[in-house]
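I have placed the structure first, in the form of structure tokens, so that the comments after it can refer back to it.
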Amino acid sequence: SKSGSDAAAGNSGDSQLTVGFAQTGAESAWRTANTNSLRNEAEKRGIELKFADGQSKQENQIRAVRSFIAQGVDAIVIAPIVETGWDPVLREAKRANIPVVVMDRTVATSDESLYAAFVGSDFYEEGRMAADWLAENAGDRTNIVELQGEPGSAAANERRKAFADALAKHPNLKIIDSQTGNFRRAEGKTVMEAMLKTHGDAIQIVYAHNDDMALGAIQAIEEAGKTPGEDIMIVSIDAIKEAVQAVADGKMNCTVECNPLFGPKIYDTIEAILAGKPVEKKSYNKDELFDQTNAAAALPSRQY
Ligand code: GYE
């Protein structure tokens, strides 16, 4: 990949940046949009991107990062599946003088100097927005089932905590069951099927930590002969196009945006770091919320 675009741009192979990207996997539509954003923007800029699919296992990601270090890449991007357990490999990257940009999900570390920058979304704020929307719009519904994201991930941890904190202010709303669907559509469906068997008509609201699980739950609800969006209210997070469409169609009630299109910001950050310019240590996207009032109008301009 060092020849074609370089020749066109008149660059020598030596000036081309090489970035290693340890992605979580391909668990959701959000994730696919995120991968495409980093790939497309790399191509646009003539950056060589080494892509490693972690297949939802942290050990795979750690192995990929070690291999990027061994190959002497210019910078490393990690989308950490879980929050903890990163210090050793981050220390190895630091020792090798290779800057690491943590993307999307945060890491829990005792030494913030182990990574150069974080670029992502405020998951706590997203969970709060979902809960506040419910507090205003749930009417006389009270009973919530929660579909959690991947255990140990910052996204699941924060969306869960924020939602619980916000519900504490609204004692009429309560979580009657909470289980993981691992951010996956198929698992969202099977978990919802099981919950419908256990709780039956008691379920009035679904809070899903992402749209894929919500869309799986909608299938389960329909197959159980109920009307999603009416018999059972559905709120979730990501605002993938299919979910915004479901909101416009009335099958889902609200989805909080979590923008995965980090490509431009990631490479801007890396280029600044490598040029020795100061970068924001942590930067967050500002996210919107879509419900019946604005979903249809937003659809044509949704990018993912
Ligand atoms: O919400 C989910 C994906 O970490 C924000 O991961 C991300 C989450 C996103 O699988 O769809």
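The values are calculated or read from the model by the stated rules, or taken from the named source; none is laboratory data. Please read all numbers here as calculations on a predicted model, not as lab measurements. Reconstructed Cβ throughout: ideal geometry from the backbone, glycine too, with neighbour counts over all protein chains shown.
Annotation note: Cβ proximity below 8 Å between a residue of the stretch 147-159 that is closer than 19 Å to ILE176 by Cα and modelled with pLDDT of 95 or more and a residue that is in a strand (DSSP E or B) and near the ligand (Cβ under 7 Å from one of its atoms) (sequence gap 6+ or interchain) occurs for ARG159/ILE237.
Among residues of the stretch 94-114 being away from the ligand (no atom under 16 Å from the Cβ) and within 25 Å of ASN285 (Cβ to Cβ), the one that is surrounded by the most Cβ atoms within 10 Å (Cβ to Cβ) is VAL100. For first residues located in the stretch 211-237 and at negative phi, partners that are within 16 Å of the ligand (Cβ to nearest atom) and modelled with pLDDT under 95 and lie 6+ apart or on another chain with Cβ distances below 9 Å form the pairs ILE237/ASP287. Residue-level check: of (1) touching a Phe, Trp or Tyr at 6+ places or on another chain (Cβ under 7 Å); (2) surrounded by fewer than 22 Cβ atoms within 10 Å (Cβ to Cβ), ALA154 misses just (2).
Can you pull out every residue in the stretch 188-215 that is more than 16 Å from the ligand (Cβ to nearest atom) and more than 18 Å from ALA138 (Cα to Cα)? The answer is THR190, MET192, GLU193, ALA194, MET195, LEU196, LYS197, THR198, HIS199, GLY200.
From the list LYS265, LYS286, LYS251, the lone residue that is basic (Lys, Arg) and either touching a Ser or Thr at 6+ places or on another chain (Cβ under 7 Å) or exposed (fewer than 14 other Cβ atoms within 10 Å of the Cβ) (or both) is LYS286. Within the stretch 119-142, if we keep just the residues that are among the polar types (S, T, N, Q) and surrounded by fewer than 17 Cβ atoms within 10 Å (Cβ to Cβ), the residue that is farthest from the chain's Cα centre (by Cα) turns out to be THR142. With respect to the conditions (1) away from the ligand (no atom under 14 Å from the Cβ); (2) modelled with pLDDT of 95 or more; (3) assigned to a helix (DSSP H, G or I); (4) surrounded by 17 or more Cβ atoms within 10 Å (Cβ to Cβ), PHE21 lacks only one, and its number is (3). Taking (1) at pLDDT 95 or above; (2) surrounded by fewer than 17 Cβ atoms within 10 Å (Cβ to Cβ) in turn, PRO171 satisfies each apart from (1). Only strands (runs of 3 or more DSSP E) whose full extent lies in the stretch 240-304 are considered here, and the ones with at least 1 residues that are at pLDDT below 95 are 282-285. Scan (1) more than 30 Å from PRO264 (Cβ to Cβ); (2) buried (at least 20 other Cβ atoms within 10 Å of the Cβ); (3) within 15 Å of the ligand (Cβ to nearest atom) for the single condition ARG185 breaks and write down its number. For ARG185, the failing item is (1). Set side by side, the residues ILE69, ILE76, ILE62 differ, and just one is closer than 26 Å to GLY276 by Cβ and either within 15 Å of the chain's Cα centre (by Cα) or surrounded by fewer than 22 Cβ atoms within 10 Å (Cβ to Cβ) (or both), which is ILE69. Among the numbered conditions (1) on the phi > 0 side of the Ramachandran plot; (2) surrounded by 22 or more Cβ atoms within 10 Å (Cβ to Cβ), the only one that GLN55 does not meet is (2). Taken over the stretch 146-162, the residue count meeting the criterion of being charged (D, E, K, R), away from the ligand (no atom under 11 Å from the Cβ) and within 20 Å of ALA217 (Cβ to Cβ) is 2.
Tell me which residues, restricted to the stretch 126-145, are touching a residue at least 24 places away in the same chain (Cβ under 8 Å) and either within 12 Å of the ligand (Cβ to nearest atom) or among the small types (Gly, Ala, Ser) (or both). Result: GLU126, GLY127, ALA130, ALA131, ALA135, ALA138. For the stretch 24-71, a residue qualifies if it is within 16 Å of the ligand (Cβ to nearest atom) and not polar (S, T, N, Q), and the qualifying residues are GLY25, ALA26, GLU27, ALA29, TRP30, ARG31, ALA33, LEU38, ASP53, GLY54, LYS57. Residues in the stretch 216-265 that are within 16 Å of the ligand (Cβ to nearest atom) and among the small types (Gly, Ala, Ser): GLY216, ALA217, SER236, ALA239, ALA243, ALA246, GLY263.
Of the residues making up the stretch 44-84, just one is of a type in the set (A, V, I, L, M, F, W, C) and free of Cβ contacts under 8 Å to residues at least 12 places away in the same chain, namely ALA70.
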